[in-house]
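Undergrad: This structure is in structure tokens; I'll ask about it shortly.
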Amino acid sequence: MTQETRVRYAPSPTGHLHIGGARTALFNYLYARHMNGKFIIRIEDTDTARNIETGIMSQIDNLKWLGIEHDESIDVGGEYGPYRQMERLDIYKKYADELLEKGDIYKCFCTPDTLEKEREAQRASGVAAPQYSGTCRNLTAEEVAEKEAAGETYSLRMKVPADVTYKFDDMVRGEISFESKDVGDWVVVKTNGIPTYNFAVVIDDHLMKITHVFRGEEHLSNTPKQQMVYDSFDWGHPTYGHMTLIVNEDRKKLSKRDESIIQFISQYKDLGYIPEALFNFFALLGWSPEGEEEIFSKEELIRIFDTERLSKSPSMFDKQKLTWMNNQYIKQMSLEEVVGLALPHLQKAGKLPEELSVEQAEWAEKLIALYHDQLSFGAEIVELSDLFFTDDLHYGEAEKEVLSGEQVPEVMAAFKEQLASLDAFEPAEIKSAIKAVQKATGHKGKNLFMPIRVVTTGQTHGPELPDAISLLGKEKAIARVGQYAGA
């Protein structure tokens, strides 16, 4: 019988869900669903000093918003819980005691001050990566008992075996090996009884029957330590896939402090991005499908996800590609959906009231419809539509050049007259008024349309001109045109 595929995403609640975490969760999810397996969320909350109160549910809620649903976790349960590490301390103690009995780990009584001085001395002598010297490795049972009797606190350290090569076949990078001599005796359980990451993760992955682990390449150096624990218990280990770095447009590693890129999923949600678009975009950060197609549904991505196509090169976070992709999804939405996406941003910005009258709601719908195909994310509507909410237009060099045309006063005078005579201020009537100006003045093409566009909207490019002028309203449109209508 084939073993069920089980993968996990194991965030620490020290912060909210960010790009790197979302990508890690997504790849695990895609593989689990592709293999008809299970996707588990396990909370690694042993860093109690840095945990934040909202961290756990922020992770889970934002993953759900992205469309990454889990099968087991703290909120839905499961037969392999608890799914929070701080509720599993008795389990870790049991296994630590077993290794202590076997002699694979030992009690270390060195104080933080002693350890820091040791590291400083090694660095001063030119050691790039200081290691624990093993001071407590060979303490006798009597010496250990004496120190304990004196009330000295201790951590538990792995007794790293000599001259061992740790090898594993990585789903992304192929065969990788580490030498045990490059890994010093490392802490398994801290003095406060809380296990370190590399010990707890092995116990959890084994007991939760995790078969495959997709994680960032920064975890590569953790793998030999984890293999030591697996070997000590004579357990098999999961198949690993260490995903390449996500880099910015300068090809530098993406940092949470990089302000050139929006970092957290909640920020994308607040800005009015489409979760399906983000799901699609993140799937292409370190993995590529066959062919040139880039727009995929969740179901398609699950079906075609293939570990053979995981990238060995860093993945660039292309902001322009993301906004393009989000725009493609918005274009496919109904007008009602786009209004629901964009309207709250106009209200939040104070452009429209929280409670809309029937007339205001109709006007807002027409306004948003004007930018439906252009909109890249919900909040962008505020900037795009600013011309409808201001009394003072500010012209750039291109607009000033248009307004300097000698025909502008004549065109504006004729257009003002035409607008004033309109009974219905609708796009069709405004379009007819522009044609009447052409007939009356003899000006056509750019000499006609560009001045009208710039004077009414303040822009050389924009939405359909008759629609835009209609939405401005008769009074505001005439006021703007009148400023350039000559004597």
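Undergrad: Taking the dipole about the Cα centre of the stretch 28-182, with the C-beta of Lys and Arg at +1 and of Asp and Glu at -1, give me whichever of Ala49, Leu156, Leu30 is farthest to the positive side.
TA: Positive-end residue among those listed: Leu30.
Undergrad: Using alpha carbons only, how many angstrom separate the centre of the stretch 198-238 from the centre of the stretch 434-478?
TA: Comparing the Cα centres of the stretch 198-238 and the stretch 434-478, I get a distance of 67 Å.
Undergrad: How large is the translational diffusion coefficient of the stretch 258-413 in µm² per second when you combine the Kirkwood radius over alpha carbon pairs with Stokes-Einstein at 4 °C and 1.567 mPa s? Walk me through the numbers before you get to the answer.
TA: Working: Rh = 18.6 Å.
After rounding, the answer is 70 µm²/s.
Undergrad: Please report the base-10 log of the normalised intensity I(q)/I(0) for the stretch 334-487, using a Debye sum with one equal scatterer per alpha carbon and no solvent, at each q in 0.11, 0.17, 0.19 (1/Å).
TA: -0.44, -0.98, -1.16
Undergrad: Taking only Cα atoms, what is the 0 to 90° angle, nearest 10, from helix 89-102's long axis to the longest principal axis of the chain?
TA: Taking Cα atoms only, the helix is inclined about 40 degrees.
Undergrad: Under a point-charge model restricted to the Cβ atoms of Lys and Arg (+1) and Asp and Glu (-1), what is the dipole moment magnitude of the chain relative to its Cα centre, in debye to the nearest 20?
TA: Working: 55 positive and 79 negative charges, 142 e Å.
So the dipole magnitude of the chain works out to roughly 680 debye.
Undergrad: Let me ask something else about it. State the number of lysine pairs found in the stretch 396-465 whose Cα atoms come within less than 14 Å, restricting to pairs 8 or more positions apart or on distinct chains.
TA: Lysine pairs satisfying the spacing and distance rule in the stretch 396-465 number 6.
Undergrad: So for the stretch 123-253: antiparallel DSSP bridges make up what percent, rounded to the nearest 5?
TA: In the stretch 123-253, approximately 65 percent of DSSP beta bridges are antiparallel ones.
Undergrad: How much length, in nm to one decimal, is gained on full extension between Leu207 and Leu89, taken as 0.36 nm per residue of separation minus their Cα-Cα distance?
TA: Length difference between fully extended and current span is 41.1 nm.
Undergrad: Using Cα atoms only, what is the angle between the long axis of helix 446-457 and the major principal axis of the chain, expressed in degrees (0 to 90) to the nearest 10?
TA: 60 degrees
Undergrad: Are any of the pairs Lys64/Lys167; Lys366/Lys476; Lys117/Lys252 more than 24 Å apart by Cα-Cα distance, and if so, which?
TA: Flagged as over cut-off: Lys64/Lys167; Lys117/Lys252.
Undergrad: First compute the accessible area of the chain with a 1.4 Å probe, then give the percent of it belonging to carbon and sulfur atoms.
TA: Numbers: 11560 of 24420 Å².
For the chain, the apolar C and S fraction of the accessible surface comes to 47 percent.
Undergrad: Near the amide H of His18, under 5 Å away, which other amide H atoms are found, from residues 5 or more places off or on another chain, if H is placed in the peptide plane?
TA: Ile265
Undergrad: If you average the alpha carbon positions of the stretch 254-307 and of the stretch 105-174, how far apart do those two centres end up, in angstrom?
TA: Measuring centre to centre over Cα atoms gives 41 Å.
Undergrad: Under a straight-distance cross-link criterion of Cα-Cα below 19 Å, which lysines are reachable from Lys253, leaving out those fewer than 8 residues away in the same chain?
TA: The qualifying lysines are Lys312, Lys319, Lys321.
Undergrad: Here is a further query. Over the stretch 413-487, with a single point scatterer placed on each C-alpha, what log10 of the ratio I(q)/I(0) does the Debye formula yield at q = 0.17, 0.23 1/Å?
TA: Relative scattering, expressed as log10 I(q)/I(0), comes to -0.55, -1.09.
Undergrad: Under 13 Å from the Cα of Lys474, which aspartates and glutamates turn up, not counting those fewer than eight places away in the same chain?
TA: Glu417, Asp423, Glu426, Glu429
Undergrad: Right, here's the next one. Under 5 Å between amide H atoms, partner at least 5 residues away or on a different chain: which partners does Ser315 have, H built in plane at 1.01 Å?
TA: Here Leu245, Ile246, Val247 satisfy the definition.
Undergrad: Hey, got the dipole for the stretch 77-196? About the Cα centre, +1 on K and R Cβ, -1 on D and E Cβ, debye to the nearest 20?
TA: Approximately 240 debye in magnitude.
Undergrad: Per residue of the stretch 194-205, what does 6.51 cos²θ - 1.76 cosθ + 1.60 with θ = phi - 60° give for ³J(HN,Hα)? Whole Hz please, x for Gly and Pro, Karplus curve as stated.
TA: 8, x, 7, 3, 5, 8, 4, 5, 5, 4, 5, 4
Undergrad: Another one. I want to verify the translational diffusion coefficient of the stretch 140-204 in µm²/s; compute it with Stokes-Einstein, Rh as the Kirkwood radius over Cα pairs, at 20 °C and 1.002 mPa s.
TA: Using the Kirkwood radius from Cα pairs, D works out to 149 µm²/s.
Undergrad: What do you get for the angle between helix 427-441 and the principal long axis of the chain? Use alpha-carbon atoms, 0 to 90 degrees, nearest ten.
TA: 50 degrees
Undergrad: Follow-up. Calculate how many DSSP beta bridges within the chain are antiparallel, expressed in % of all such bridges and rounded to the nearest 5.
TA: Antiparallel bridges: around 55 percent, rounded to the nearest 5.
Undergrad: Could you run the Karplus curve 6.51 cos²θ - 1.76 cosθ + 1.60 with θ = phi - 60° over the stretch 73-82 and give me ³J(HN,Hα) per residue in whole Hz, x for Gly and Pro?
TA: The phi angles translate into 4, 5, 8, 10, x, x, 7, 10, x, x Hz.
Undergrad: Shape of the stretch 7-86 from its Cα gyration tensor (a ≥ b ≥ c, root eigenvalues): rounded if a/c is under 1.5, otherwise prolate when a/b > b/c, or oblate?
TA: Taking the square roots of the gyration eigenvalues as a ≥ b ≥ c, the stretch 7-86 is oblate.
Undergrad: Then there's this: Based only on Cα atoms, what Rg/Rh ratio does the stretch 42-174 have, Rh being taken as Kirkwood's radius?
TA: For the stretch 42-174, the value is 1.06.
Undergrad: Could you state the accessible area per residue of the chain in Å², with a 1.4 Å probe and every protein chain left in place?
TA: The answer is 50 Å² per residue.
Undergrad: Please quote Rg/Rh for the chain to two decimal places, taking the Kirkwood radius as Rh and restricting both calculations to Cα atoms.
TA: Taking Rh as the inverse mean 1/r over Cα pairs, Rg/Rh reads 1.16.
The values are calculated or read from the model by the stated rules, or taken from the named source; none is laboratory data. This is a predicted model, so every value here is computed, not measured. Using ideal geometry, Cβ is built from the backbone for each residue, glycine included, and neighbour counts are taken over all protein chains shown. Side chains are part of the model used for accessible areas, which takes the heavy atoms of the whole protein and leaves out ligands, DNA and RNA. Shrake-Rupley method; radii C 1.70, N 1.55, O 1.52, S 1.80 Å.
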